[in-house]
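Have a look at the structure below before the remarks.
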Amino acid sequence: MGTIVGIPRALAYHDYFPLWKVFLSSLGAELAVSPPTSRAIVNEGVRLAVDGTCLPVKIFYGHVSWLIQAGVDSIFLPRLISVAPKEYICPKFMGLPDMTAAAFGSQARFISPVVNLTRSPGLLHREMEGVGKGLGYSAREIRKAWDQAAAAQRDYESFLQQGNWPAEYHCRGATEVAVDKPPGAPDLRIGLLGHNYVVYDSFASMDAVSRLRAMGAQVLTVDMLSPVKIEAQAARWPKRMFWTSGRRILGAAWEYTEMPVDGIIYITAFGCGTDSLTAELVERTVRRQSRIPQLILNIDEHTGEAGVVTRLEAFVDMLRWRRTR
Amino acid sequence: MANVKEAHGLHEFYLGIDVGSVSTNLVVLTGAGEVYHKEYLRTKGRPIPAVQAGLAAIQRELPDIRIKGVGATGSGRRLAAAVAGADIVKNEITAHAAAAVCFRPDVQTVIEIGGQDSKIIILREGIVTDFAMNTVCAAGTGSFLDQQAARLGIPIADFGEIALQAKNPVRIAGRCTVFAESDMIHKQQMGHGIPDILAGLCAAMVRNYLNNVGKGKDIRPTVLFQGGVAANRGMCKAFEDELGCPVVVPPAFDVMGAVGAALLARRHVKERGQGTSFRGFGISQAQYTTGSFECSLCANHCEIVNISMDGKPIARWGSRCGRWEQAEDAADGQGGRRASPVSAL
């Protein structure tokens, strides 16, 4: 077909990339993914985005701009409202196609299927059919592509559950592994919390993960835990947490306290609306359930890494110091 | 004399360097862990000359001293370590905690307020169990007190004593220094006395500290108050009033970070059983040059900093990929085998 579909390496990409990639490419679309977040992309995003948004949304703008400058025909930008019954995604995702269209106007065509599974999971299929038909494919081809895509997504999720990182998935089979291995056997286990688009974006999180690993810690993510356990733990909360990501973070926090881990680090982006509540709930839950030290790491568009480094180092020192007792 | 020195563990000394945003502190510690000499200098935006001036002052005072180990801390710790040749580089939290535990083994809370940051460290049985640092806002740190003292024409050294004379402290909004300042001006124009305004400012800063940095922390005595702001007796009293317990200010309160760095250096050197990496006091005469450039090899455009001593590169950092740091090792002709103190973090 010769059409190039751009995918910004930001926000929901970090959760659903295998699904999108396999679906679009098995339909024959050529894909272009923006490169990992860099200073140039952040600067561009900060310049273009509305001032009041969080850092991850600004980064998203930067990726879209990169794709447009690279000359893609269209950009895949689903309108995510809900990915599970009775759950919602952060409201900024809901408005993302509109915000992006307002900023970039007619510079690109946006493919924005609506993902709203609050009431009926069947709606997703209809939307995906719309995407496929828009690209000129038959219902049968679309169904086949979707089945393959869903299988790839399941495969990806189970790969992460085995204790792996997305970077390792993307370069499976390649000779070079992007994630650096820590020197020697780790002597600390740290449970990481936070939205995937913060945790997995090494620029946004100021390389917190590599830094911790270099300090000799094994780092766990929410994706490495069993979804069944996470759900069971999240259900212990008296009021239903209806943000999908917040729910997973809360469940994971509870699970970390029972594993247990040596320390818990919550990486949150300055200005994140859902985290303003989730982080507070997590902090209280962990404090009530355990004596596990926790650190909330606030990130913003600062390039000064000293603050992050000092906090991480002091936290790791503290964990080791406690153990000498 | 030599025997007296031996008897007191004085034949070995450890140097602690704390390069902060406002002050650069150097401490000479005896082998027994006592402060033998201290230097408190203003950083004035030029950390390397500050470290050099501190070393020169120590050499003048104590010409025969032999340094067995050097520790660096503070936001400029990497720079200090590169310049002086440190055996260990540690973050400020660990350094302050180490010094506090050494001074008062029963310490459970450390309040530290410096020039541009503030922190709280919670300890139990000599172990750090929790800590926090101020986040985006520098409200309630030493710089603001400095600025307000200057505005009122009061030497910062007299600030605390004047605040203690307050009879009826005024209420000042402490959430943000911009609001605090306009509140103070308002109170002053209403006719309130300076002591009452200063005491009100201290109380506002303490509330701000406890609500932000100290939020959710289990503050228990013994409470130590460290950092330059601890010199302000008005602040000590405001903390005591708010916490309802005595607040202890250690004699070396203003250089506790450097004390901690020296203590950690002592432990590190003893454990490792090797000589020090200290470059010697002669470096106070050396020519240090720093330069920076923007690397254009990828889209990150990292700012790379180069430090040279007498024309020879001694350290380089700033790249996310580590490429330039490796170049530094290559320049030393040691192919990266040298264990940089920075990696011992």
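The values are calculated or read from the model by the stated rules, or taken from the named source; none is laboratory data. Note that the structure is a prediction, hence the values are computed from the model and not measured. Glycine gets a Cβ as well: all are built from the backbone with ideal geometry, and neighbour counts include every protein chain shown.
Of everything in the stretch B:207-237, what is free of Cβ contacts under 8 Å to residues at least 40 places away in the same chain and either under 28 Å from B:SER182 (Cβ atoms) or among the polar types (S, T, N, Q) (or both)? Give them in sequence order. Those that are free of Cβ contacts under 8 Å to residues at least 40 places away in the same chain and either under 28 Å from B:SER182 (Cβ atoms) or among the polar types (S, T, N, Q) (or both): B:ARG207, B:LEU210, B:ASN211.
Within the stretch A:267-306, if we keep just the residues that are part of a helix (DSSP H, G or I) and facing chain B (nearest Cβ under 8 Å), the residue that is modelled with the lowest pLDDT turns out to be A:ALA306. The residues in the stretch B:197-216 that are buried (at least 22 other Cβ atoms within 10 Å of the Cβ) and of a type in the set (S, T, N, Q) can be counted, and the count is 1.
Residues that are farther than 30 Å from B:GLU125 by Cβ, surrounded by 16 or more Cβ atoms within 10 Å (Cβ to Cβ) and either of a type outside the set (Ser, Thr, Tyr) or assigned by TED's automatic domain parsing to the domain that holds B:GLY16 (or both) do occur in the stretch B:234-253, at least one of them. Within the stretch A:305-322, restricting attention to residues that are touching a Ser or Thr at 6+ places or on another chain (Cβ under 9 Å) and farther than 15 Å from B:LYS217 by Cβ, which residue is surrounded by the fewest Cβ atoms within 10 Å (Cβ to Cβ)? That would be A:ALA306.
What are the residues in the stretch B:277-296 that are under 21 Å from B:ARG60 (Cα atoms) and part of a loop (DSSP other than H, G, I, E, B), if any? Listed by number, the residues that qualify are B:PHE278, B:ARG279, B:GLY280, B:ALA286, B:GLN287. Screening A:TYR256 with (1) closer than 30 Å to B:SER319 by Cα; (2) more than 9 Å from every other protein chain (Cβ to nearest Cβ); (3) of a type in the set (Ser, Thr, Tyr) gives one miss only, at (1). Listed by first and then second residue, the pairs with beta-carbon distance under 6 Å, at least 6 apart or on different chains, first residue in the stretch B:293-317 and in contact (Cβ under 8 Å) with a residue 24 or more places away in the chain and within 14 Å of chain A (Cβ to nearest Cβ), second surrounded by 14 or more Cβ atoms within 10 Å (Cβ to Cβ) and not polar (S, T, N, Q), are B:CYS295/B:CYS302; B:CYS295/B:ILE304; B:TRP317/B:VAL305; B:TRP317/B:GLU325.
hydroxyl-bearing (Ser, Thr, Tyr) and under 14 Å from the mean Cα position of the chain (by Cα) - does that describe any residue in the stretch B:105-113? Outline the logic, then answer.
As a first pass, look at the stretch B:105-113 and keep what is hydroxyl-bearing (Ser, Thr, Tyr): B:109.
Then drop every residue that is not under 14 Å from the mean Cα position of the chain (by Cα), which leaves none.
No, the stretch B:105-113 contains no residue that is hydroxyl-bearing (Ser, Thr, Tyr) and under 14 Å from the mean Cα position of the chain (by Cα).
So A:VAL228 ticks every box in (1) surrounded by 15 or more Cβ atoms within 10 Å (Cβ to Cβ); (2) over 24 Å from A:CYS54 (Cα atoms); (3) not charged (D, E, K, R) but one. Which box is left unticked? With (1) surrounded by 15 or more Cβ atoms within 10 Å (Cβ to Cβ); (2) over 24 Å from A:CYS54 (Cα atoms); (3) not charged (D, E, K, R) applied to A:VAL228, the lone miss is (1). The residue that is surrounded by the most Cβ atoms within 10 Å (Cβ to Cβ), among those in the stretch B:304-325 that are touching a Ser or Thr at 6+ places or on another chain (Cβ under 7 Å) and under 13 Å from B:ALA82 (Cα atoms), is B:ILE307.
Determine, yes or no, whether B:THR43 is farther than 19 Å from B:ASP310 by Cβ, of a type in the set (Ser, Thr, Tyr), in contact with a Leu (Cβ under 6 Å, 6 or more places away or on another chain) and without any contact (Cβ under 8 Å) to a residue 60 or more places away in the chain. It is false that B:THR43 is farther than 19 Å from B:ASP310 by Cβ, of a type in the set (Ser, Thr, Tyr), in contact with a Leu (Cβ under 6 Å, 6 or more places away or on another chain) and without any contact (Cβ under 8 Å) to a residue 60 or more places away in the chain. Among residues of the stretch A:307-325 that are at the interface with chain B (Cβ under 8 Å from one of its Cβ atoms), those with a Cβ under 8 angstrom from a residue that is in a helix (DSSP H, G or I) and surrounded by fewer than 22 Cβ atoms within 10 Å (Cβ to Cβ), sequence gap 6+ or separate chain, pair up as A:VAL309/A:ARG211.
Taking the conditions (1) over 23 Å from A:SER120 (Cα atoms); (2) more than 14 Å from every other protein chain (Cβ to nearest Cβ) in turn, A:PHE23 satisfies each one other than (1). Determine which single condition A:VAL219 fails, assuming it passes every other condition in (1) more than 14 Å from every other protein chain (Cβ to nearest Cβ); (2) in a helix (DSSP H, G or I); (3) under 19 Å from A:GLY163 (Cβ atoms). It fails just one condition, (2).
Just a yes or no: is a residue in the stretch B:183-200 touching a residue at least 60 places away in the same chain (Cβ under 8 Å), out of contact with any helix residue (DSSP H, G or I) (no Cβ under 6 Å at 6 or more places or on another chain) and not aliphatic (A, V, I, L, M)? Steps first, answer last, please.
We begin by selecting, within the stretch B:183-200, every residue touching a residue at least 60 places away in the same chain (Cβ under 8 Å); these are none.
Checked the stretch B:183-200: no residue is touching a residue at least 60 places away in the same chain (Cβ under 8 Å), out of contact with any helix residue (DSSP H, G or I) (no Cβ under 6 Å at 6 or more places or on another chain) and not aliphatic (A, V, I, L, M).
Within the stretch A:1-32, restricting attention to residues that are of a type in the set (Val, Ile, Thr) and in contact with a helix residue (DSSP H, G or I) (Cβ under 8 Å, 6 or more places away or on another chain), which residue is farthest from A:GLU141 (Cα to Cα)? Give the steps one after another, and end with the answer.
Pass one, the stretch A:1-32, residues of a type in the set (Val, Ile, Thr): A:3-5, A:7, A:22.
Then keep just the ones that are in contact with a helix residue (DSSP H, G or I) (Cβ under 8 Å, 6 or more places away or on another chain); that gives A:5, A:7, A:22.
Numbers: A:VAL5: 18, A:ILE7: 21, A:VAL22: 13 Å.
Only one residue tops the list, namely A:ILE7.
Can you tell me which residues in the stretch A:26-43 are at the interface with chain B (Cβ under 10 Å from one of its Cβ atoms) and either part of a loop (DSSP other than H, G, I, E, B) or buried (at least 18 other Cβ atoms within 10 Å of the Cβ) (or both)? It would help to see each step written out before you state the result.
Here is the first cut: in the stretch A:26-43, the ones at the interface with chain B (Cβ under 10 Å from one of its Cβ atoms) are A:35-43.
Across the stretch A:26-43, the qualifying residues are A:PRO35, A:PRO36, A:THR37, A:SER38, A:ARG39, A:ILE41, A:VAL42.
Taking the conditions exactly as written (away from every other protein chain (no Cβ under 14 Å), touching a residue at least 40 places away in the same chain (Cβ under 8 Å) and not in a strand (DSSP E or B)), does B:GLY153 satisfy them or not? No: the conditions fail for B:GLY153. Just to be sure I understand, how many residues within the stretch B:151-175 are polar (S, T, N, Q) and more than 26 Å from B:ASN212 (Cα to Cα)? Matching residues across the stretch B:151-175 total 1.
Can you pull out the residues in the stretch B:76-118 that are at the interface with another protein chain (Cβ under 10 Å from one of its Cβ atoms), of a type in the set (Gly, Ala, Ser) and crowded, with 24+ Cβ neighbours inside 10 Å? Correct list: B:ALA95, B:ALA97, B:ALA98.
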